[in-house]
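Okay, so here's the structure we're looking at.
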Amino acid sequence: MAVFCVWNKCNNRCVMCSNPLDFQMENPYKGYSLKQLKDRIGSTDVFDRKGNLIDNKICLTGGEPTIHPDFLKIVAFVRKKFPQSIIEMDSNGRRFFYSSFTKKFLSFKNINLCISLHGFNAETHDAVTRTPGSFDQTVKGLENIFKYKELGLNNIELRIIITKITCKYAEKILKLIKDRFSGVDRVVIVFMEMEGQAGDNFKIVGLTHTAFSKYIPRIAKWIPKFKDLRFYHFPLCTIDYSLWPHVWRTLPKSEVTFLPSCNKCSYKKYCLGIHKHYLKEVGGSEFKPITDKKNIIKEGESFHHPILKVYKK
């Protein structure tokens, strides 16, 4: 996948953001102009030896990509440069509050969207984003996305970032998604990354895997209610074996590591590992190698989804 950072600005101020403080709107702009982005996108080698686009995906990231002043021109350039590509984008969803923007963006076709919900109402969501009105805009944005999805949306993923704050009402967010956005293609439970502002605000949002473990069985009950429910950023020893088929590896290898004791684990080759910033903030005493060898694994072909099924001997 070819990944292009559009710029470093965001119109939310999420307390657990993994980006540094200068990704907020009030800080000086350090992003890219339209010309710079066109040059970067146009000159990047995203083709394999046969001339095919690698993974056939172009990912636009930020900050919040949609609030770049030339965002739609950027997307138009990507679509012209790579007409058959899938355009993927993470967004807070707020600009989709505007129907005209939503229709213009989805009209570029072949779009995958990922949007995070941080609460089940304005009070809980806006407390995380530290931006009054962000919940109402995000929810309305999601309504518009589903309303106009036939224009060019391939799939939409909704994420819940698990922190000390959100773990307590993750189930209520899942209920909101089921009640209002049941057509969602994928729901993802993401354990927080303790870097950037999340590291700075560790006392407010910091959470251990052990503390979150009591909430996992409650969340697991929602798996049958969605087409696809996944867990991101979870070492296998932190989650019951029955949920391993729902665990995906999505962090780059450079951001994770293994403890010496992990070498004793019978399932290490399937495991994500431990985020380096987590070890820095929390330590590694929670992580215990699984040595019982009682599970028979049906392996997947994808590195990112290594376990398809688990059978007990």
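Using a simple charge model, +1 on the beta-carbon of Lys and Arg, -1 on the beta-carbon of Asp and Glu, nothing else, what dipole does the chain show about its Cα centre, in debye to the nearest 20? Show your work: numbers first, answer last.
Numbers: 51 positive and 30 negative charges, 156 e Å.
The calculation lands at about 760 debye.
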Considering the options Gly62, Trp7, Leu142, tell which one lies farthest towards the positive end of the dipole of the chain, charges being +1 on Lys and Arg and -1 on Asp and Glu at the Cβ, about the Cα centre. Leu142
Where the only charges are on Cβ atoms (+1 Lys, Arg; -1 Asp, Glu), what is the dipole of the stretch 175-244 about its Cα centre, to the nearest 20 debye? 460
Can you classify the stretch 254-313 as rounded, prolate or oblate using the Cα gyration tensor, where a ≥ b ≥ c are the square roots of its eigenvalues, rounded means a/c under 1.5, and otherwise it's prolate if a/b beats b/c and oblate if not? oblate
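Any of Lys103/Lys221; Lys147/Lys227; Lys221/Lys309; Lys175/Lys214; Lys109/Lys298 with alpha carbons more than 27 Å apart? Name them for me. Kindly include the intermediate steps, with their values, before the conclusion.
On the way: Lys103/Lys221 35 Å; Lys147/Lys227 19 Å; Lys221/Lys309 18 Å; Lys175/Lys214 18 Å; Lys109/Lys298 36 Å.
In this structure, Lys103/Lys221; Lys109/Lys298 exceed 27 Å between Cα atoms.
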Evaluate E = 1/(1 + (r/R0)^6) for Glu255 and Lys168, where r is the Cβ-Cβ distance and R0 equals 30 Å; express this FRET efficiency to the nearest 0.05. 0.65
Check which residues have an amide H placed less than 5 Å from Tyr267's amide H, if you skip close sequence neighbours. Ile290
Could you tell me which of Cys262, Tyr215, His275 has its Cα farthest along the dipole of the stretch 172-281 towards the positive end, charges placed at Cβ (Lys, Arg +1; Asp, Glu -1), taken about the Cα centre? Tyr215
Pairing the Cα long axis of helix 170-180 with the longest principal axis of the chain, what angle in degrees results, from 0 to 90 and rounded to the nearest 10? 50
Positive end of the dipole of the stretch 2-232, charges at C-beta (+1 Lys, Arg; -1 Asp, Glu), about the Cα centre: which of Met192, Ile177, Ile161 has its Cα farthest in that direction? Ile177
Which lysines does Lys38 reach when only Cα atoms under 19 Å apart count, and residues fewer than 8 places away in its own chain are ignored? Lys9, Lys30, Lys57, Lys73, Lys80, Lys81
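What does DSSP give for the chain in terms of the percent of beta bridges that are antiparallel, rounded to the nearest 5? Please report the intermediate quantities before stating the final value.
Values: 8 of 39 bridges.
Roughly 20 percent of the DSSP beta bridges within the chain come out antiparallel.
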Please give the peptides 200-209, 254-263 ranked by average Cβ packing (other Cβ atoms within 10 Å per residue), highest first, as a rough proxy for protection. 200-209, 254-263
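Read-outs: derived from the displayed coordinates by stated rules, not from any lab. Owing to the predicted nature of the structure, the values given are computational and were not obtained by experimental measurement. Every residue, glycine as well, gets a Cβ built from its backbone with ideal geometry; the counts of neighbours run over all protein chains shown.
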